[in-house]
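Every number here is computed from the coordinates shown, using simple stated rules; none is lab data. Given the structure is predicted, the values throughout are model-derived calculations rather than measurements. Cβ: placed from backbone, ideal geometry, glycine included. Neighbour counts: every protein chain shown.
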Amino acid sequence: MEFTSPYDDYQRALDYDFHTELAPGVWTLCKKLDRTTLLAHDITDMLATTDLDSDSESDSGSGSGSGSDSGSDSGSKSPAKKGLGFLLSSDGANLLQEVKAIINHENLICLRDWFSIAMLKPKSRDYQKRTFIVWDNCDAGTLENLLVEEYDKYKPDQETDDSTSSPDTEDETSDTDTKMTDVDVYVNKTDKPKKFLPESLCWHVLTSVLKALAWLHDGSPEVVRIGPNKYGMDPTPDWNPALHRDITPANIQFQQPRRKETYGQCKLGNYGSLYLSNHHNGDGKSRVERVRGKALVPRKGDVSTLLDDLIQQDDRYGYTYKEQPDQPYTIISEWRAFGEIMQAMMIPPSGTKTNVNDHIQNVTKHGVRYNLEGADYSVGLKNVIIRMMTLNPDEKSEDGKYLYPNRDTLTSHLCVEAFERHRRWRVSTDEGRELITVESQQAQQTAEDTKAKAEIWDATVEMNRIVDKLQMEKGPWRFDDHEDDELDGLEDSGFTFQDLANDDDERPYRLSEIPPDDNWDFDP
């Protein structure tokens, strides 16, 4: 029988140091190798394997499923769902590596690891096994925190205090300028172009989230150079689109800058409604027109709509905007949800200091062109958002052919277009030239790491050269410092291993030869 170590289950936990418990079951921890701060979530209570009847199925936390006009009937009886423990453990489906492969992108909150530790029970000396799942730590808040109305900077009592200040010439000039600026902002606010968040931040969020969606929709890992000042993406052939279904400002999160970049990494998270369709994308390169097909999934919270019903509703609604409650959820829905958030970043809120949802609802009351007409942002940024809100992959030309033969991978095309327009904005505006991107700092970090490795290699080669030189000068190394003639001159004690057969001979003196000691007292 083969026995395993009782510490095998806890081995991966040795790679981390626990820091602070932010909430019950949620900890910040540090990876020992590179001191990266991550988040650990206690999922012990979710690991119990449970079998649910098909008739009483409810939406599970993973949100995975299948839906497509080319897939199987989603209304048929499906096998009973398994608990999270069955999906992740080695005794069950063991899908940890597959899940990590899907949720693995620099602009997604990535699943990093999972492990078990032994923790003391409350008010007890007994230990219990607790299992944690490890995620990226977005420690700079969410976009929801920024979509609120700015509070007044000047109060009436402050203006009164300024008016009663000493009549110094410099003070009077400063006070007059301040009052004129306040009046100008307040009175002519409607006459000035609308602007809310900085354009550099808008570009940062736009390109980051589009990269995340290009990976989920098309399996495109990154933007690559394909020629002089020309870029593209390489979609994964036969990729199954994963639809997020919950693109909200609260799920767009930020990390603190790691180096000198203006804004830290922007990531899309919260996969509780993620839906994996069984529609297969093309390879993104072939110009051959494919049969009509798209990823059709139920809207968030809907788990009972059949696939046939989704197809009929899609034919009924088509390209309807604003989308209806029973309209199927598609990739276009993802574009529009994100496009509405981008418009909310560019249009100042009106009377909604804390309610972000009301601000976005106000944005959706009008079309994108109406909303952005008076916005004080570059034409390139506006055009990308307008294209994202109006692009129709099923649009045909007069001869009946699709305008976009590779319409299954249009998210990647939107991402490349946004990336190229962003580059032009950065080199043509003062604000753009001052921006330090995450990508430039990552490239600089890679160059520094490469240089450090080269220096270490050169130092190792030099050390080996010196050692070889010393060996040539002194000859081969020996395990001792004695020459053979020195060994021959040592005295022989005459002791042999055969003497060990007698117990008495093992001692320096025989027992009979030990002199008596008068100080010893023995009982008579």
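Here the 3J(HN,Hα) profile of segment 418-433, calculated from phi with Karplus coefficients 6.51, -1.76 and 1.60 at θ = phi - 60°, is 5, 5, 5, 5, 5, 4, 5, 5, 5, 8, 10, 10, 5, 5, x, 5 Hz, Gly and Pro shown as x.
Across segment 24-38, no residue has a backbone nitrogen under 15 Å from the label position 7 Å along the beta-carbon direction of residue 124. Sorted fewest first by neighbouring Cβ atoms within 10 angstrom, 430, 45 come out as 430, 45.
Taking the number of other C-beta atoms within 10 Å as the exposure measure, put 202, 30 in order starting with the fewest.
On the way: 202 20, 30 16.
Starting with the residue having the fewest Cβ neighbours, the order is 30, 202.
Holding the Cα-Cα limit at 28 Å, pick out from 32/100; 100/396; 100/230; 100/121; 194/365; 194/322 the pairs that are longer than that.
Details: 32/100 21 Å; 100/396 38 Å; 100/230 31 Å; 100/121 31 Å; 194/365 17 Å; 194/322 24 Å.
Over 28 Å apart, Cα to Cα: 100/396; 100/230; 100/121.
Would you please put 457-468, 263-274 in order of how densely packed they are, using the mean number of other Cβ atoms within 10 angstrom per residue and starting with the highest? Provide the component values of the computation, followed by the final result.
Values: 457-468: 9.8, 263-274: 20.0.
Answer by packing, highest mean first, reads 263-274, 457-468.
Pairs of alpha-carbon atoms within less than 8 angstrom and 6+ residues apart define the contacts here; what relative contact order does segment 199-436 have, in percent?
Details: 322 pairs, mean separation 58.5, N = 238.
For segment 199-436, the relative contact order is 25 percent.
Scanning residues 5 or more positions from residue 112 or on other chains, those with amide H under 5 Å from its amide H are 134, 135, 136, with H placed 1.01 Å from N in the peptide plane.
How much FRET efficiency would the formula 1/(1 + (r/R0)^6) give for residue 224 and residue 471, where r is the Cβ-Cβ distance and R0 is 45 Å, rounded to 0.05? It would help to have the intermediate numbers written out before the result.
On the way: r = 49 Å, r/R0 = 1.08.
The calculated FRET efficiency here is 0.40.
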